[in-house]
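In what follows, a single structure is set out as structure tokens and then discussed.
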Amino acid sequence: MNINEIEFASQLAWPALEEVKLDGGVLRYAEGLTRRSNSMIPSLTAKFCPKTLISKAEKYYGGKGQAAVVKVLNEKASQQNFALLDALLEGGCYEKESPTSVMGLNLRQRLTTSELSSLSQLVQCNNLEWAKAWHSVRQVNAGQLGTYCQLLERINGKVCRLLLKKQGQVVATG
């Protein structure tokens, strides 16, 4: 998978309640839940003006009563000038948060049932069970469960929600 495919898949996997397409990016909003669903994501393929994107993000998110979050990719990952965008943000009132590394695993090389059971228990569940477990693992506000369930309902295509349990306790979600 290349960076464009990964970015597209991640946006589909964790949707927003609202998306506004811009020349050179997209504004995503989901009542402040998660950076992925509440950030301006610059385009990897279309040319963009960093100053304009930042200005539009600030106006949009300010109107929603929240601070603007701008996703910046490593410049090596794209043909775009993300270094200029990053420099403008750094020169403003922005702070770098949550650096992320993307790693891959070949799912065609499946673990056997005995290998899985030796690790822990893998359980399929519905949206509400998954959202409750996700909240428990991440220790976030349970009052936002309804919104998380709305986001999960917006996922198109086949979905498999998994809980990883160790000694009956949820230790991870996916």
- For region 73-97, enumerate the residues that are outside any helix (DSSP H, G or I), under 20 Å from the mean Cα position of the chain (by Cα) and modelled with pLDDT of 85 or more. Tyr94, Glu95, Lys96, Glu97
- Pairs only if they're at least six apart or on different chains, beta carbon under 6 angstrom, first in region 4-33 and among the acidic types (Asp, Glu), second at pLDDT below 90 and buried (at least 16 other Cβ atoms within 10 Å of the Cβ); list them, first residue then second. Glu31/Thr147
- Task: Only residues in region 121-144 that are in contact (Cβ under 8 Å) with a residue 40 or more places away in the chain count as the first member; pair them with residues that are open to solvent by 80 Å² or more (accessible area, probe 1.4 Å), Cβ under 8 angstrom, at least 6 apart or cross-chain, and list the lot.
- Result: Gln121/Lys166; Gln144/Glu31
- Task: Scan region 23-35 and give yes if some residue there is within 19 Å of Leu151 (Cα to Cα), out of contact with any Asp or Glu (no Cβ under 6 Å at 6 or more places or on another chain) and of a type in the set (Val, Ile, Thr), otherwise no.
- Result: yes
- Message: Among the residues that make up region 28-38, is at least one of them hydrophobic (A, V, I, L, M, F, W, C) and either under 24 Å from Ala87 (Cα atoms) or loosely packed, with under 14 Cβ neighbours inside 10 Å (or both)?
- Response: no
- Query: Across region 143-161, what is the total count of residues that are under 18 Å from Ala9 (Cα atoms) and either part of a strand (DSSP E or B) or open to solvent by 60 Å² or more (accessible area, probe 1.4 Å) (or both)?
  - Reply: 6
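The values are calculated or read from the model by the stated rules, or taken from the named source; none is laboratory data. No experiment lies behind these values; they were computed from the predicted model shown. Every residue, glycine among them, receives a Cβ derived from its backbone with ideal geometry; neighbour counts consider all protein chains shown. Ligands, DNA and RNA are stripped out before the accessible areas are found, and what is left, the full protein with its side chains, is counted by its heavy atoms. Shrake-Rupley method; radii C 1.70, N 1.55, O 1.52, S 1.80 Å.
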